[in-house]
Amino acid sequence: MNYENLELGSTGDNVKILQEKLKILGLYNPIVSGSFSLATLEGVKEFQRKNNLEVTGIVDYNTWQQLLAATSEPIVTIAYNPILSLGSSGELVSELQVKLKTLLYYMGNINGTFDLETQNAVKRLQYNNDITTTGIVNDQTWNIINQLYGNLNSCVTGSESNNENIYIVQRGDTLYSIAQKYNVTVEALKNLNNLTTNILSIGQILRIPVSQENEGNQITYVVQRGDTLYSIAQKYNVTVEALKKLNNLITNILSIGQILRIPVSQENEGNQITYIVQRGDTLYSIAQKYNITVEALKNLNNLTTNILSIGQILKIPVSQENEENQITYIVQRGDTLYSIARKYNVTVEALNNLNNLTTNILSIGQILKIPNS
């Protein structure tokens, strides 16, 4: 398909592809309509702003190329599902039933036959999402189903339970391909999920063993929707080449949920340390933790917004000098208040009082003031 320039008022399949890609990147929320509307225009402008392109609102060659790179999805892979209706049958109907069942619209068997129960499930979904209630699955209905199912999959995949992630089996998946994707063994997958066979079904939920802990000078990162090697490299201040070499990648294409190892230096640099943003962190909470100002954090890290992302690396200004009868200590992996108190021959109560601690829980990289004995 030839990707011509698009602008306000354009229509057709290329506009649908544009809207789908903007939707993947979180820059377009309405229905994929194939009509270049004002909402589409704003999404294009925001994408151009974020990618240092000329903000024209016109999708030219450069904008197309950036969109393709940002979504890691070559043009040739984009295709639309055929229309399904009462009487249709086959693998696509099975996939439709799996997705409707996951979304709690369909309670029947996954039989690959578009029967009355499937039609009624489609009608309920269409009614709840302000689509004309026809019971026919066209492009518009497929888009809604895939969007809702994709959002659910992202939520479930992103949930953490100790050292496990959850994965919903997609078309074409095998235990081997999933094991490779998450850098685990097929045996580990089968044991964790009590599987006695290698056969998987679309929509099946698997638990994935994933270690999120630091390994020496590495951390692990789970690829999110819209990630590219370039955006991840920028986020962690490393090169694309370093990422590819460390992860034995021969292509720049990533898949959602893929596990990457990230080289990260945790050493002090002069009067700075590095901090990896955790779930629930805010600039204010980090600033409080290190007894600095939000403004100092933003200036040192060249931040223009208060929004943080999990895994983001921040430089923290830390004074290591003695202050009269105090020294500062950076909490290491395995430290407890008791072990630190013993190390410096002070009491846990003295540490608590000096640092205004209300809990005995410590985090790696936390700064503690230690009273000199």
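Observations, loosely collected:
- Matching entry among 27, 38 (being free of Cβ contacts under 8 Å to residues at least 60 places away in the same chain, farther than 15 Å from residue 5 by Cβ and surrounded by 19 or more Cβ atoms within 10 Å (Cβ to Cβ)): 27
- Looking only at the stretch 308-338, residues that are at pLDDT 80 or above, within 29 Å of residue 261 (Cβ to Cβ) and loosely packed, with under 15 Cβ neighbours inside 10 Å come to 1 in all.
- Restricted to the stretch 123-144, and to residues there that are touching a residue at least 24 places away in the same chain (Cβ under 8 Å) and under 13 Å from residue 83 (Cα atoms), the residue that is surrounded by the most Cβ atoms within 10 Å (Cβ to Cβ) is 137.
- Pair list, Cβ under 7 Å, 6 or more apart: the stretch 43-68 residue within 15 Å of residue 21 (Cβ to Cβ), other residue small (Gly, Ala, Ser) and surrounded by 13 or more Cβ atoms within 10 Å (Cβ to Cβ): 44/57; 45/57
- Strands (runs of 3 or more DSSP E) (entirely within the stretch 134-239) containing at least 2 residues that are out of contact with any Ser or Thr (no Cβ under 7 Å at 6 or more places or on another chain) and at pLDDT 70 or above: 205-209, 218-222
- Qualifying position, being acidic (Asp, Glu) and exposed (fewer than 13 other Cβ atoms within 10 Å of the Cβ), among 117, 95, 46, 91: 91
The values are calculated or read from the model by the stated rules, or taken from the named source; none is laboratory data. On a predicted model such as this, the values are computed, not experimentally measured, just so you know. As a convention, Cβ positions derive from the backbone with ideal geometry for all residues, glycine included, and neighbour counts pool all protein chains shown.
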